[in-house]
1. Could you check the stretch 154-199 and list, in sequence order, the residues that are closer than 26 Å to L57 by Cα, among the small types (G, A, S) and assigned to a loop (DSSP other than H, G, I, E, B)?
2. If D104 passes every condition in (1) outside any helix (DSSP H, G or I); (2) acidic (D, E); (3) within 16 Å of G156 (Cα to Cα) but one, which one does it miss?
3. Where the second residue is basic (K, R) and buried (at least 17 other Cβ atoms within 10 Å of the Cβ) and the first is farther than 11 Å from G182 by Cα and lies in the stretch 130-159, which pairs have Cβ atoms under 7 Å and are six or more apart or on separate chains?
4. Being surrounded by fewer than 19 Cβ atoms within 10 Å (Cβ to Cβ), hydrophobic (A, V, I, L, M, F, W, C), more than 25 Å from A184 (Cβ to Cβ) and at pLDDT below 95: is that true of L22 here?
5. Evaluate the following for T202: is it closer than 27 Å to A89 by Cβ, among the β-branched types (V, I, T), under 20 Å from the mean Cα position of the chain (by Cα) and not in a helix (DSSP H, G or I)?
6. Among the residues of the stretch 47-87 satisfying the criterion of being free of Cβ contacts under 8 Å to residues at least 24 places away in the same chain and not in a helix (DSSP H, G or I), which is surrounded by the fewest Cβ atoms within 10 Å (Cβ to Cβ)?
7. Could you check how many residues of the stretch 88-111 are in contact (Cβ under 8 Å) with a residue 24 or more places away in the chain and farther than 18 Å from D173 by Cβ?
8. Scan L114, L148, L118 and give me the residue that is in a helix (DSSP H, G or I), surrounded by fewer than 19 Cβ atoms within 10 Å (Cβ to Cβ), at negative phi and not polar (S, T, N, Q).
Amino acid sequence: MAERTRTRTRARPLRTEAWRTLKVEGRWTGLVADAAAVLTVVSLLAGLLDGAVAVALFALVLLGHVVIRLAPLRPAVQAATAVALPAAAGAAMADAYQRVSWLDIAAHFAVTGLLAVLVTAGVYRAGWLRPGGAAAGTVLLATALGVLLAVAWEFGEWVGHTYLDPAIQVGYDDTIGDLAAGLAGSLTAGVLYRRLTADGRTP
């Protein structure tokens, strides 16, 4: 009994630290991020009835939520990314990209740009590269990382189309358009990242 009590006592600080680490600061930004995370969990559970594509997609989005909360970003950027990921995934599952022609391009622009900011901040926080220096360096880094993510996204769509569900939209025009949108979003994100961090602030 005493050992069980000590175990519970040790577990409390771990839970507290985990909650503090994964919490998005700010009343409204935290609320938005938490709501997006709950929506993702609900979508993942609903995906169990819809098939492997939905499960894989929302499991990936749920992993993204964890990464977002660990990333050294402003709460507003964390919340925006937390909303963008399930929104893009939900639009894909609802076939919204087929019904609204411009929505696919907008999603690739916004989501790739936000993820480029996230990965760039992670690279600097990990110490793999030093922030500062020429402004072009940060812009090029964010753009390059975003393009890499855009290529991975398209590769994932091809894998899904080939091995999971042929209804997943792929094709030359679609791929080139998505890559161009990802490039533009990453470049825009790089410029904004540099401006936001010019005085040493968190992106």
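1. Within the stretch 154-199, A167, G171 meet the criteria.
2. Condition (1) is where D104 drops out.
3. Every condition considered, the pairs that remain are A135/R194; T138/R194; V139/R194.
4. yes
5. So T202 passes the test.
6. The selected residue is L49.
7. Looking only at that region, the number is 5.
8. L148
The values are calculated or read from the model by the stated rules, or taken from the named source; none is laboratory data. Note that the coordinates shown come from a computational prediction; the quantities given were computed from them, not determined experimentally. Every residue, glycine as well, gets a Cβ built from its backbone with ideal geometry; the counts of neighbours run over all protein chains shown.
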